[in-house]
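Undergrad: The structure's right below; bear with me while I get my questions together.
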Ligand SMILES: [Zn+2]
């Protein structure tokens, strides 16, 4: 067996591991930022929905008040006409019109009351929410219970957190940019060499790494594959010690002697 081929592959794994280590520095940050951004969007939607409701209420109030004012004006004019009525028939007809306008007023007032009651309920819910916050009973707070000012505060906090995490991630990316670039170049070169010398080994390596496995080549550790801890048969140890490789029967990883990794680092 040509042991130099496996050495080439171990070197590639070593380089890929280095990139992996750098990426792991930012581990969690991109996911954390995503989660925060989702919370942020949710909070924004809540605030917008509340603003929209408030605006709708304002418009409805205005329109019902206009209706009521119009009714009052017409009633006043009907009443004036009644003083000039020439007979009972004319007078009664005007009374009916006044009655109609009064009904309109009553209906509009009911609608205005409904709006007020709705707002009172909202206020009470938020009051309850504030109380629960004071008692640290956050689990019991529903969306509607979140007081307006707390929601606004939450929005500000989330925006700050997202910004902070993004800066953190960005600084890591900038700090490691050159190193990653250098490693990527080395990896490309190494892959070219292996492609020419041991294409099948490279295919095996890429196939293993196409799933969730990053460490396709692993060390023999206490006579086991260090990728999955399955024991390596004794009759294969000599070959591994001599610098060969063994394909783990359990996980398929390429198992080599740790000496090869030390050589790859050197
Ligand atoms: Zn294994």
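Undergrad: In this structure, does residue 242 turn out to be surrounded by fewer than 14 Cβ atoms within 10 Å (Cβ to Cβ) and in contact (Cβ under 8 Å) with a residue 24 or more places away in the chain?
TA: The answer is yes for residue 242.
Undergrad: Right, next: Which is surrounded by 13 or more Cβ atoms within 10 Å (Cβ to Cβ) and outside the structural domain of residue 190 (by TED's automatic domain parsing), of 36, 8, 58?
TA: Checking each option against the conditions leaves just 36.
Undergrad: Also, quick follow-up: Between 58, 36, which is part of a helix (DSSP H, G or I), at pLDDT 95 or above, within 46 Å of the chain's Cα centre (by Cα) and within 30 Å of residue 174 (Cα to Cα)?
TA: On inspection, the qualifying residue turns out to be 36.
Undergrad: Another one. May I ask you to list pairs of residues, at least six apart or on different chains, whose Cβ atoms are under 7 Å apart, with the first in segment 49-62 being under 15 Å from residue 143 (Cβ atoms) and the second being surrounded by 13 or more Cβ atoms within 10 Å (Cβ to Cβ)?
TA: Close Cβ pairs satisfying both conditions: 50/148.
Undergrad: Also, quick follow-up: Residue 139: surrounded by fewer than 15 Cβ atoms within 10 Å (Cβ to Cβ) and modelled with pLDDT of 95 or more, yes or no?
TA: no
Undergrad: Hey, can you tell me all the residues within segment 205-222 that are away from the ligand (no atom under 12 Å from the Cβ) and either on the phi > 0 side of the Ramachandran plot or more than 35 Å from the chain's Cα centre (by Cα) (or both)?
TA: Matches in segment 205-222: 222 only.
Undergrad: Checking residue 233 against (1) over 37 Å from the mean Cα position of the chain (by Cα); (2) within 18 Å of residue 7 (Cα to Cα), only one condition comes out false. Which one?
TA: (2)
The values are calculated or read from the model by the stated rules, or taken from the named source; none is laboratory data. Just so it is clear, the model here is predicted, and its values are computed rather than measured. Reconstructed Cβ throughout: ideal geometry from the backbone, glycine too, with neighbour counts over all protein chains shown.
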